[in-house]
Amino acid sequence: MRAILQFFPQRLDVNGDAQNALVLAQRARWAGIDVDLVAVLPGDRPPAEAPAAIVIGSSVDSELPALRAELVGFATALSDWVAAGVPLLAVGTGFELLSHGIQLGTAAADFIEGFGVFPGRAQPLPARASGELVADVREGRIVGFENHARGFVVPDDASAFGAVVRGTGNDSRSEGSRTGSAIGTHLHGPVLAKNPVLADAMLTAAFGDRYGADSHEATRVDSFAAAARGAILAQLDLPIG
Amino acid sequence: MTRAGGGVALRYAPAILLGRAARVAARLRKPGGGSAVPGLVVNRIAPGFLPSVLRGFRDGLVVVTGSSGKSTTTKMLVALLEAHGRRVFTNPSTANISQGLSSALLERVRLNGTIDADLAVLEMDEGHGALIAPRLSPRLVVLTNVMTDQIDRFFDSERVVALLRKIADRATEAVVSNGDDAMLEELVAELPAGVRVERFGVSAGVLAEQPRGLGSTRTSASRVSHGTRVEAARGRTATIEVGGTALTVTLPARGVHYAVDAAAAMAAARELLGEAFDPELAAETIATLAPVFARGEITTVRGAQGGAVEVEFVLVQNPASFQLNVDALDAGIDQVLVAMGSDVRDPGYFWPVDVRRIGRARIVSGSKASELALLLAYQGVEIDALEPDIPTAIDAFLALPEPASGLKTIIFTADPMRRTRAHLGLRS
């Protein structure tokens, strides 16, 4: 049975980000694919077999050094898995630590080195970004909630996850980062539940044609997601896509 | 203690009169509404009004703050003090901001700027509390807990602690603090010398019975040994040890968090009353309390056909209270309505809550119903119907036949709670 890895759920579920792994697991099961939802705990060794998909959520800022120390042992495996095309979703501080690094303050010493999966680095925003974030990505228009004090500098627009329609994201222009099968984003919480098109892209990358999103359960749940997205977009006076 | 002379305090008389006029005007515009407006008027005209009145109580000012449990703890402490013959001024829990507080004071203040009460017990949220704290000198501060809470405004627990510290640092005599909360333990360790610290908490056995702990961001490594301690909590009955006496206390509703709130209130009352504190009277008083707001409130309402229907209201205000309340549901509960409203800006925040015990939701409602439905559905909770409109949902829910087991139970956040109460004609 293939594993869907949920990294450090005790530390990385502040905004429900870790639950995106549950979303992937449930959708796979509804499509008739047996998967294991596996919580990775600090101190675990990386599994020998490449997982089907990986979700790394966001911690609070004060836990960044501890989180970095806990991720060190997984850095090589994560890079290898992404290079091999394993879909990965990283949110908030999890995303930042998988980039080249995090500039915490203005002093050069206030830099936390990242693991280099994503090109670019995090650096402070002029003001905290908190509210709805809408972005157009390859899969379509996605909607979610952002709440972060740092933006992200991408080396070029091509490496961004998408373009900001409303909200802040990286810098009010681009949002997140995408490299191969890995997505880094500021969208907190159940972004894959609200935007099933993203979940389906990850599951198709993991399982190919075996995965189909036409189950009764997925159809019903996606009607809730469509209503939630519709309500948020209507409130922001934006078209659905 | 010296009291402000009439000549000094009378300078607020014009502001008080203007504030009262604003109150009348606000009520004329919107019956039952405008509760913060008069306070806004007074705060604008006489910014010194609030601290000045709050300095004027013979037995001082008590501030209750923390992430959750403030309302219950405040209500319990007020009841305990009143049972011991003290006249207490307190703020309604919906008005825990400075404008609301000034409005509440306006209702009671005399033109010389004093209030006819022995002491004030005020609930303050950490944000607004920290803002007005520098101008207050509370005799006692009660700290309930630090939960990763209210994401929109504070985001992480360190910021909550920093705000609570600003309030606690103002205590002149004592701080009553949750000894099971590791972040509060760190806070009280740094209080100025001369301020006493009294702790409350739970026993190791009680903690072990909570599958997910007590909801604090970090739990202390050890349990309180000196102080007020919850020794057992089963349903609505708790055993609380206060000053060496084990008391059996009937809680206003099920749930260990009420037992902890009761322990906090008892520890604070004992600190304030000293020798006069009567443990037996305290236990009797807690038993007579009605639930605060809607949390666990059982009430009889009119059904769609005019018949009487018994329902239980469960208010959840953050992930921790959602979890505690879901864990406290009877196994196999038959009829549940769950509602989330505009008060929850980011429903994603609730996704860490394990909601499976709900089993089946007859109706999912509120303006955030679709987001709530996603959370429930991915955890395998059956959903019969989605109806964002609260009045329609409530009528349909009450019209369902008698439940096969348990009571009809409505779990809601603050905004759908207000809409539900308004629709059913209940006092809020």
Checking B:A422 against (1) out of contact with any Gly (no Cβ under 9 Å at 6 or more places or on another chain); (2) within 24 Å of B:D327 (Cα to Cα), the condition it does not meet: (2)
Yes or no: B:D261 touching a helix residue (DSSP H, G or I) at 6+ places or on another chain (Cβ under 6 Å), crowded, with 19+ Cβ neighbours inside 10 Å and among the acidic types (D, E)? yes
Of the listed residues (A:G184, A:G162), the one being closer than 30 Å to A:S79 by Cβ, under 15 Å from the mean Cα position of the chain (by Cα) and without any contact (Cβ under 8 Å) to a residue 60 or more places away in the chain is A:G162
Can we say B:T409 is among the hydroxyl-bearing types (S, T, Y), assigned by TED's automatic domain parsing to the domain that holds B:G303 and in a strand (DSSP E or B)? yes
Going residue by residue through the stretch B:152-166, is there one that turns out to be farther than 25 Å from B:D346 by Cα and not assigned by TED's automatic domain parsing to the domain that holds B:S342? yes
When residues of the stretch B:384-407 are filtered for being among the charged types (D, E, K, R) and in contact with a helix residue (DSSP H, G or I) (Cβ under 6 Å, 6 or more places away or on another chain), how many remain? 1
Tell me, please, whether a residue that is at pLDDT below 95, under 30 Å from B:V355 (Cα atoms) and not polar (S, T, N, Q) can be found in the stretch B:185-194. no
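Within the stretch B:351-389, restricting attention to residues that are small (G, A, S) and buried (at least 20 other Cβ atoms within 10 Å of the Cβ), which residue is farthest from B:I333 (Cα to Cα)?
The selected residue is B:S367.
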Do you know which residues across the stretch B:374-396 are within 11 Å of another protein chain (Cβ to nearest Cβ) and part of a helix (DSSP H, G or I)? B:L374, B:L375, B:L376, B:A377, B:Y378
First in the stretch B:185-203 and surrounded by fewer than 17 Cβ atoms within 10 Å (Cβ to Cβ), second anywhere and not acidic (D, E), Cβ under 6 Å, 6 or more apart: B:R196/B:A174
Restricting the search to the stretch B:343-371, which residues are in a helix (DSSP H, G or I) and more than 10 Å from chain A (Cβ to nearest Cβ)? B:R356, B:R357, B:I358
Restricting attention to the stretch A:108-130, which residues are in a strand (DSSP E or B), among the small types (G, A, S) and surrounded by 15 or more Cβ atoms within 10 Å (Cβ to Cβ)? A:A122, A:A129, A:S130
A:L98 is checked against (1) closer than 16 Å to A:N195 by Cβ; (2) more than 14 Å from chain B (Cβ to nearest Cβ); (3) of a type in the set (A, V, I, L, M, F, W, C) and fails just one. What number does that condition carry? (1)
Limited to the stretch B:125-180, what total is found for residues that are farther than 26 Å from B:A221 by Cα, at pLDDT below 95 and acidic (D, E)? 2
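Only one of A:A50, A:A18 is surrounded by 14 or more Cβ atoms within 10 Å (Cβ to Cβ) and farther than 27 Å from B:Q323 by Cα. Can you tell me which?
A:A50
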Based on what the data block shows, is A:G167 modelled with pLDDT of 95 or more, closer than 11 Å to A:A135 by Cα and in contact with a strand residue (DSSP E or B) (Cβ under 6 Å, 6 or more places away or on another chain)? yes
Of the residues in the stretch B:390-428, those that are loosely packed, with under 15 Cβ neighbours inside 10 Å and closer than 29 Å to A:A193 by Cβ come to B:P391, B:T392
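Filter the stretch B:155-183 for residues that are under 30 Å from A:E146 (Cα atoms) and touching a residue at least 60 places away in the same chain (Cβ under 8 Å); which is farthest from the other protein chains (Cβ to nearest Cβ)?
B:I167
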Considering only the stretch A:37-53, I want to know if a residue exists there that is under 17 Å from A:L187 (Cβ atoms) and out of contact with any Pro (no Cβ under 9 Å at 6 or more places or on another chain). no
Of all strands (runs of 3 or more DSSP E) fully inside the stretch A:1-67, the set with 2 or more residues that are at the interface with another protein chain (Cβ under 9 Å from one of its Cβ atoms) and free of Cβ contacts under 8 Å to residues at least 24 places away in the same chain is none
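From the residues in the stretch A:114-158 that are within 14 Å of chain B (Cβ to nearest Cβ) and among the basic types (K, R), which one is farthest from A:D200 (Cα to Cα)? Show your work before the answer.
Taking the stretch A:114-158 as the starting set, the residues that turn out to be within 14 Å of chain B (Cβ to nearest Cβ) are A:125, A:127-133, A:142-150.
Still in the list and also among the basic types (K, R): A:128, A:150.
On the way: A:R128: 31, A:R150: 29 Å.
Looking at the filtered set, the residue picked out is A:R128.
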Where in the stretch A:171-241 are the helices (runs of 4 or more DSSP H), entirely inside, with at least 1 residues that are polar (S, T, N, Q) and more than 12 Å from chain B (Cβ to nearest Cβ)? A:196-207
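The values are calculated or read from the model by the stated rules, or taken from the named source; none is laboratory data. Keep in mind it's a predicted model, so treat the numbers as computed, not measured. Counting neighbours? That spans all protein chains shown, and the Cβs are built from the backbone with ideal geometry, glycine included.
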